[in-house]
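The values are calculated or read from the model by the stated rules, or taken from the named source; none is laboratory data. Nothing here was measured: the structure is a model prediction, and the numbers come from that model. Cβ sites come from the backbone with ideal geometry, for glycine too, and all protein chains shown count toward neighbours. To get the accessible areas, we keep the full protein, side chains included, count just its heavy atoms, and leave off ligands, DNA and RNA. Shrake-Rupley method; radii C 1.70, N 1.55, O 1.52, S 1.80 Å.
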Amino acid sequence: MEESLRTYKVVTYGCQMNVHDSERLSGLLEEAGYAKAGQDADPDLVVFNTCAVRENADNKLYGNLGRLAPVKQQHRGMQIAVGGCLAQKDRDTIVRKAPWVDVVFGTHNIGHLPALLERARVEEQAQVEILESLETFPSTLPTRRESAYAAWVAISVGCNNTCTFCIVPALRGKEEDRRPGDILAEVEALVAEGVVEVTLLGQNVNSYGSDLGDREAFSKLLRACGGIEGLERVRFTSPHPRDFTDDVIAAMAETPNVMHQLHMPLQSGSDTVLKAMRRSYRQARYLDIIRKVREAMPDAAISTDIIVGFPGETDEDFEQTLHVVREARFANAFTFQYSKRPGTPAAEMADQIPKAVVQERYDRLIALQEEISWEENKKQVGRKLEILVAEGEGKKDDRTDRLSGRAPDNRLVHFTRPAEGVRPGDMVTVEITYAAPHHLLAEGTPIAVRRTRAGDAWEKRQAAPVAKPAGVMLGIPTIGAPAPAPAAAPGCGCD
């Protein structure tokens, strides 16, 4: 009797870099003979790709591992692996706290996972392998991309910054840049498969070139992407204000397929707090970048990250953050209440802010940004926009008979379903009729529909045979298909 394929599920926490790593893990496992488990199935292998940014990251992991322990006892041959930033940090602690884990691997050796799983099975004991430096660039590994029409492309790994609230450089190492030719070859291969949108990805994406000795390497890369036929949308995340130079602004403005959308982490508007964070820019520098971007691209949608309640933040410091928010008029902001990251300098700082004070400031910031987001979105009413139809972006689409997708500036748009068939990856031109703080509506009949190679690729993927593993319900978190461009916090809060 033929043995059925072993099935797997990858559970991902954290930033887009982690999600992209999970695509690599999925590709490795499928190349090794595993099949992705069905949505409600009990897989033979569960891989947790962890994040160490939040204070409660370990609680979340160990809670999920605890729930899996009895499942594993009843599921003969089941394996559990833990990788990512928390694994890199905690190492042997994971197996000590959860001895039913089979494999622990770090951020530098994801390519070893299939071999570690086999070794754990044969030797019947946990395998812990953590490397201190990158063995091979992840982009050389096989990949199972969740989207047929949009893709992330890593241009660098690691980070050279020393922000006091961030542990990522210690876990992912110093920045290492890919060769431009390798990046462009990957983008061209993706476009040949039907992808129409790519997001260039790095912990500090616009410092790209520091490892190559070329300070203008990132702007050159953006312009080179402009020459790839069939590539319709180029985005990138996340840049750092310190490294955001005029040549990048010019490349964005002058390269037709580079979208007028920018995610520029602020973290704080106070010079005092920025200094304590070891952020190598100040308020005036940040606002000057925003001014230059808007002068070059008046239609640019700019988003940001903000941390509220950093140790020592005074009422005046917080007022400076509100001032920058009013001046910059962000399309949206990913806001975070400061939480201690174990192992970071900020976690040991005096003057930790009481929770009640942080909450009050956070609520005020949210109210202000909601007001600005709504006002900025209202400016879109009456505009005709070409929307890239997305999969899984509109939670109410089935009930409202709408579809959803992203405008060129990455705003989320819900629109009336066209009479003709439309697939994820196709383009639909609509007129915006209503604005809410977090989305736009186009309630009239769509103006035009453009079927694309990306839609063809999505349709082809849907027609491919899918393994149907049997099993019982697990009830653990799942990783969904990524948005065409980051719709959640674009980084780990450290850029």
Projected area, mean over directions - the stretch 336-470, Cα convex hull, nm²: 13.7
25 °C / 0.890 mPa s Stokes-Einstein diffusion coefficient of the stretch 108-239, Kirkwood radius on C-alpha pairs, µm²/s: 150
Cα Rg, Dmax, the stretch 182-321, angstrom units: 16.6, 53
Sulfur and carbon atoms: percent of accessible area, the chain [1.4 Å]: 50
Scattering profile of the chain at q = 0.06, 0.07, 0.09, 0.10 Å⁻¹ [log10 I(q)/I(0), Debye over alpha-carbon scatterers]: -0.28, -0.38, -0.64, -0.81
DSSP-defined beta bridges in the stretch 149-260 - what % are antiparallel, rounded to 5: 15
Accessible surface, the chain, averaged per residue in Å² (probe 1.4 Å): 42
Partner lysines for residue 378 [C-alpha distance under 25 Å; skip if fewer than 8 residues away on the same chain]: 292, 395, 396
Compactness of the stretch 1-133, expressed as Rg and Dmax over alpha-carbon positions, Å: 13.8, 49
Descending semi-axes in Å of the stretch 163-242, equivalent ellipsoid built from Cα gyration tensor: 25, 14, 12
For the stretch 200-282: Kirkwood Rh in Å [reciprocal of mean 1/r, alpha carbons]: 13.7
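For the chain, what is the relative contact order in percent, using Cα pairs closer than 8 Å and at least 6 residues apart in sequence?
15
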DSSP-defined beta bridges in the chain - what % are antiparallel, rounded to 5: 30
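Cα-Cα over 18 Å: which of 174/340; 36/60; 60/89; 9/36?
174/340; 36/60
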Proximal charge balance of residue 394 [Cβ under 13 Å; K/R count +1, D/E count -1]: +1
Kirkwood-Stokes translational diffusion coefficient of the stretch 269-421, alpha-carbon pairs, 4 °C, 1.567 mPa s, µm²/s: 72
